[in-house]
1. Among the residues of the range 71-84, is there at least one that is assigned to a helix (DSSP H, G or I) and among the charged types (D, E, K, R)?
2. Search the range 1-16 for residues being surrounded by fewer than 21 Cβ atoms within 10 Å (Cβ to Cβ) and of a type outside the set (A, V, I, L, M), and hand back the single one that is nearest to the chain's Cα centre (by Cα).
3. Out of the residues in the range 22-32 that are open to solvent by 40 Å² or more (accessible area, probe 1.4 Å) and in a helix (DSSP H, G or I), which is farthest from residue 71 (Cα to Cα)?
4. Considering 65, 94, which residue is outside any loop (DSSP other than H, G, I, E, B) and farther than 18 Å from residue 13 by Cα?
5. Does residue 19 satisfy being touching a residue at least 12 places away in the same chain (Cβ under 8 Å), over 17 Å from residue 71 (Cβ atoms) and open to solvent by 80 Å² or more (accessible area, probe 1.4 Å)?
6. Give the residues of the range 45-58 that are open to solvent by 10 Å² or more (accessible area, probe 1.4 Å) and either assigned to a helix (DSSP H, G or I) or of a type in the set (D, E, K, R) (or both), sorted by residue number.
7. With respect to residue 42, is the statement that it is of a type outside the set (Asp, Glu), under 12 Å from the mean Cα position of the chain (by Cα), open to solvent by less than 80 Å² (accessible area, probe 1.4 Å) and at pLDDT below 95 true?
8. Using the structure shown, decide if residue 94 is within 16 Å of the chain's Cα centre (by Cα) and open to solvent by 70 Å² or more (accessible area, probe 1.4 Å).
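The values are calculated or read from the model by the stated rules, or taken from the named source; none is laboratory data. Bear in mind the structure is a predicted one, so any value in this text is a computation, not a measurement. Every residue, glycine as well, gets a Cβ built from its backbone with ideal geometry; the counts of neighbours run over all protein chains shown. The protein model used for the area step is the full one, side chains on, heavy atoms only, and it has no ligands, DNA or RNA in it. Shrake-Rupley method; radii C 1.70, N 1.55, O 1.52, S 1.80 Å.
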Amino acid sequence: PAAAPACSADDATKMASTKYSCGAVKCAKSNFFKLDATAKCVAANSGVSLACANCAGQIAQCTLKACAVKCLLDPTSASCQACGHAACDALGKKCMGLATLPPNPANCDNLFMNNQRLVHLLSHCLHFATTKKCLLWGLNP
């Protein structure tokens with residue numbers, strides 16, 4: 001008997017957006033692609049079942065193993081996505097039990113860039129102690 005698919009129809013609905021895909025990338029990166037931690041993060045942030053999120057963790061690990069060089073700078077790049085699809089789609093479809101996998105992460109830059117800008121701004125405020133300017137931007141050094 002074949003194993004039951006890990007993802008339900010409800011999970012598939014929750015995964016059918018680039019927001020889900022961007023969140024999964026963020027979870028994988030912030031948890032250093034560790035399977036259990038990535039899966040827990042994906043489940044907590046997206047509302048998919050832990051069993052289904054475990055598949056996302058497996059895909060992240062597969063992509064890291066097969067495509068590290070192409071994905072190092074930008075896991076949302078076209079070259080990283082193409083490599084990940086070639087290496088890991090079969091695993092994802094088998095684990096998830098879905099004919100169609102979640103969409104490629106797109107426009108995640110806004111989320112990542114906003115974080116980078118905030119870090120840069122905060123370090124600028126702390127380094128130069130420009131309190132007046134920092135307070136205008138809502139930061140208190």
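1. Pass one, the range 71-84, residues assigned to a helix (DSSP H, G or I): 71, 78-84.
Checking which are among the charged types (D, E, K, R) leaves us with none.
No, the range 71-84 contains no residue that is assigned to a helix (DSSP H, G or I) and among the charged types (D, E, K, R).
2. Here is the first cut: in the range 1-16, the residues surrounded by fewer than 21 Cβ atoms within 10 Å (Cβ to Cβ) are 1-5, 8-10, 12-14, 16.
From what is left, the residues that are of a type outside the set (A, V, I, L, M) are 1, 5, 8, 10, 13-14.
Details: 1: 33, 5: 22, 8: 20, 10: 20, 13: 17, 14: 14 Å.
Within the range 1-16, the match that is nearest to the chain's Cα centre (by Cα) is 14.
3. 30
4. Details: 94 fails: farther than 18 Å from residue 13 by Cα.
Testing whether each residue is outside any loop (DSSP other than H, G, I, E, B) and farther than 18 Å from residue 13 by Cα leaves just 65.
5. Working: touching a residue at least 12 places away in the same chain (Cβ under 8 Å): no; over 17 Å from residue 71 (Cβ atoms): yes; open to solvent by 80 Å² or more (accessible area, probe 1.4 Å): yes.
So residue 19 does not fit the description; no.
6. The initial filter retains those residues of the range 45-58 that are open to solvent by 10 Å² or more (accessible area, probe 1.4 Å), namely 45-47, 49-51, 54, 56, 58.
Passing the criteria: 45, 46, 50, 51, 54, 56, 58.
7. Values: of a type outside the set (Asp, Glu): yes; under 12 Å from the mean Cα position of the chain (by Cα): yes; open to solvent by less than 80 Å² (accessible area, probe 1.4 Å): yes; at pLDDT below 95: no.
It is false that residue 42 is of a type outside the set (Asp, Glu), under 12 Å from the mean Cα position of the chain (by Cα), open to solvent by less than 80 Å² (accessible area, probe 1.4 Å) and at pLDDT below 95.
8. Numbers: within 16 Å of the chain's Cα centre (by Cα): no; open to solvent by 70 Å² or more (accessible area, probe 1.4 Å): yes.
No.
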